[in-house]
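What follows is a short report on a single structure.
Please treat every number below as a calculation from the coordinates, not as lab data. Only a predicted model underlies this, so the values are computations on that prediction, with no experimental measurement involved. Note that each Cβ is placed from the backbone with ideal geometry, even for glycine, and that neighbours are counted across all protein chains shown.
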Amino acid sequence: MERAIEVYVKPMEQGHLDDIVKIYLSSFKGMRSEDVVKRWFECNMRAYPRMQYFVALSEGRVVGYILWIEKGGFREESVWELEQIAVDPGFRGLGVGRRLIEDSISYLRIYLERRQPRSKLKLILVSSGSSNEIARRLYEKVLGAREEAVLRDFYRGDEVIYIARYHTDRSTSDA
Ligand SMILES: CC(C)(COP(=O)(O)OP(=O)(O)OC[C@H]1O[C@@H](n2cnc3c(N)ncnc32)[C@H](O)[C@@H]1OP(=O)(O)O)[C@@H](O)C(=O)NCCC(=O)NCCS
């Protein structure tokens, strides 16, 4: 039987930093040093609201995070890149990644409405390594994103660009 867990997604706070650094180190190989990872996260946190982190909590414990970046200015037709998402290896396959994406998009939509009354989410761009089939399925299934380009020999091999295009009804699956 599949393990069911309660998950709550909320904007990241300073106190979550050490936990998300650990999740990064157990999920990615781009940066190996804890200090370097921490500096990168802190730098991104200072770029709020252009960069926005959200965390997933389960029983008070941080089990995943997501980082969004707004592209091309504070536009009414807003374009965001899903820069990074990671779930604690012990909590994968339980729907945490899906909840991180769906719930953080709801937060972004509220933020956009408060910022500019007519603003809406136009497009989401996301990329991942060409061999990352799990990420591909996540982006296709949860965002309705489609492959639009391949960047050759990018980080650690080819990087696939996926794009989800939204219409004005603001649903997350109408790409
Ligand atoms: C990618 C990642 C964030 C997914 O998080 P997760 O919590 O395990 O994902 P979910 O349980 O919400 O699954 C959502 C969808 O992703 C896909 N998926 C998740 N795990 C999968 C697996 N082991 N095999 C195939 N597809 C999988 C499925 O489409 C799934 O939907 P479904 O369960 O309805 O079939 C997680 O695997 C991770 O942290 N990976 C390492 C970091 C990474 O590669 N990040 C992406 C690039 S930035």
*Taking square-rooted eigenvalues a ≥ b ≥ c of the alpha carbon gyration tensor, is the chain rounded, prolate or oblate, where a/c under 1.5 means rounded and, failing that, a/b exceeding b/c means prolate?*
rounded
*Paramagnetic reach from K29 in the range 77-108 [backbone N under 20 Å; point 7 Å along Cα→Cβ]*: 84-90
*How big is the charge dipole of the chain about its Cα centre, in debye rounded to the nearest 20, if each Lys and Arg gets +1 on its Cβ and each Asp and Glu gets -1 on its Cβ?*
260
*Using the per-residue mean of other Cβ atoms lying within 10 Å as a proxy for protection, in what order, highest first, do the peptides 77-85, 136-144 fall?*
77-85, 136-144
*Hey, with R₀ at 35 Å, roughly what FRET efficiency would R152 and Y48 work out to, going by the Cβ-Cβ distance, to 0.05?*
0.60
*From the residues V7, S119, G93, which one has its Cα farthest along the dipole of the chain in the positive direction, the dipole being from +1 and -1 charges on Cβ of Lys/Arg and Asp/Glu about the Cα centre?*
S119
*asked:* Once you place label points 7 Å from the Cα toward the Cβ at E13 and S131, how far apart are they in nm?
replied: 4.0
*How would you rank 14-21, 153-160, highest first, on the average number of other Cβ atoms within 10 Å across their residues?*
14-21, 153-160
*Considering only the other residues whose Cβ falls under 13 Å of the Cβ of L57, what net charge follows from Lys and Arg at +1 and Asp and Glu at -1?*
-3
_Pairwise over distinct Cα atoms, reciprocal of the mean inverse distance: report the Kirkwood radius of the range 93-175 in Å, one decimal place._
13.7
